[in-house]
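The values are calculated or read from the model by the stated rules, or taken from the named source; none is laboratory data. Quick caveat: nothing in here was measured; it's all calculated off a predicted structure. Positions of Cβ are backbone-derived with ideal geometry, glycine not excepted, and every protein chain shown enters the neighbour counts. Accessible surface is based on the protein model in full, side chains and every heavy atom, while ligands, DNA and RNA are left aside. Shrake-Rupley method; radii C 1.70, N 1.55, O 1.52, S 1.80 Å.
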Amino acid sequence: MKKKRKIPVWVYLIAAALIVTAVLLMTRGKKIIRTGNLLQNGDFMQLDDQGLPVGWYTDDYLKTPGYTDYSAEAGEATIVNHDRNDARFAQIVEVEPDSLYCLRGEIRAEAEGGLGANLSIADVYVFSECVYNTDGEWQEVVLYGQTGASQRQVTIFARLGGYSGE
């Protein structure tokens, strides 16, 4: 029977120090946003005269009448695609250059095919987890991203579908 070798505590301490050093080197010189919600009306509680979330606009790939319906109640925005489409609530957000951000939200979905319901960023092919059927429950999704060296704004999408994923 072989004896198990016990790893000395100092090996764990060196490994932990190396990990901390690596994280510090990766984030050196970068601004890190620690707290706060940068979205206007991120919880969809405020609605405008048309019943849509204040601070958000709608956008879709196929603008054919009858393809997509947008609606909202306090605390919940809804997108219904009656045919294949990439549809979204969008908001332009001011950001700091060369900074790390976290986009977090909750999705309740009944989606089939395509990229489902997700959070994403305009003009880049990046999505949170794609959510298809949550059985009426809310599911949290998270997306991290870093802004460019001179980037001052980003457009956030709460979306049903996606690029080539209607």
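Details
Residue-wise test of (1) over 11 Å from the mean Cα position of the chain (by Cα); (2) open to solvent by 60 Å² or more (accessible area, probe 1.4 Å); (3) over 20 Å from Leu52 (Cβ atoms).
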site	(1), (2), (3)
Arg88	yes, no, no
Glu94	yes, yes, yes
Asp98	yes, no, yes
Arg104	no, yes, yes
Arg108	yes, yes, no
Ala111	yes, no, yes
Gly114	yes, no, yes
Leu143	no, no, yes
Ser150	yes, yes, yes
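- Scan of region 57-86 for residues that are touching an Asp or Glu at 6+ places or on another chain (Cβ under 9 Å), open to solvent by 70 Å² or more (accessible area, probe 1.4 Å) and more than 24 Å from Glu129 (Cβ to Cβ), ordered by number: His82, Asp83
- In region 130-143, the condition of being over 18 Å from Asp69 (Cα atoms), modelled with pLDDT under 90, in contact with a strand residue (DSSP E or B) (Cβ under 7 Å, 6 or more places away or on another chain) and in a strand (DSSP E or B) is met by at least one residue.
- Residues satisfying the stated conditions in region 62-88, i.e. among the polar types (S, T, N, Q) and assigned to a loop (DSSP other than H, G, I, E, B): Thr64, Asn85
- Residue match in region 43-56 (condition: surrounded by fewer than 16 Cβ atoms within 10 Å (Cβ to Cβ), at pLDDT 90 or above and closer than 23 Å to Gln139 by Cβ): yes
- Close pairs (7 angstrom Cβ cut-off, 6 or more residues apart or separate chains): free of Cβ contacts under 8 Å to residues at least 24 places away in the same chain in region 103-132, among the aliphatic types (A, V, I, L, M) and in a loop (DSSP other than H, G, I, E, B) anywhere: Tyr132/Ala109; Tyr132/Ala111
- Qualifying positions in region 131-163 - of a type outside the set (Val, Ile, Thr) and touching a Ser or Thr at 6+ places or on another chain (Cβ under 6 Å): Leu143, Phe157, Arg159
- Residue check for Ile121: under 13 Å from the mean Cα position of the chain (by Cα), open to solvent by 20 Å² or more (accessible area, probe 1.4 Å), modelled with pLDDT of 90 or more and within 25 Å of Lys63 (Cα to Cα): yes
- Matching residues, region 124-141, being in contact with a Lys or Arg (Cβ under 7 Å, 6 or more places away or on another chain), over 18 Å from Phe89 (Cβ atoms) and open to solvent by 60 Å² or more (accessible area, probe 1.4 Å): Glu137
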